[in-house]
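Readers should treat all values here as calculations from the given coordinates under stated rules, not as data from a laboratory. Model, not experiment: these values are computed from the prediction. Cβ placement follows ideal geometry from the backbone for every residue including glycine, while neighbour counts extend to all protein chains displayed.
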Amino acid sequence: MMPKVNDATELAADEDVLDVKGAMALLKLGRNRVYQLCAANKIPHRRIGGVDGRRGEIRFSRAALLKWLEGDGTRAEEPAR
């Protein structure tokens with residue numbers, strides 16, 4: 001059973017990696033808006049496990065989202081690999 005999303009910060013603070021629902025709670029945005037930001041590459045995210053033409057599930061770093069919020073809203077710089 002999913003916990004109630006009364007305090008987005010408290011919910012997301014326990015997790016370093018968020019799914020779309022976690023990002024929605026942290027950012028206080030709707031599902032469609034989160035997907036739009038990902039599609040436009042305007043929010044830091046990763047796609048995990050894409051196979052057979054599927055794009056994979058979207059995951060977010062909580063730290064990257066918080067850094068993105070502190071900035072001017074542009075895509076956060078990704079660390080070199």
ask   = For Asp16 and Asp52, FRET efficiency with R0 = 35 Å and r from the beta-carbon atoms, rounded to 0.05?
value = 0.75
key: Relative packing of 25-33, 59-67, which averages over residues the other C-beta atoms within 10 Å, highest first   = 59-67, 25-33
request  = Determine the relative contact order of the range 8-70: mean sequence separation of Cα pairs under 8 Å and six or more apart, normalised by residue count, in whole percent.
outcome  = 34
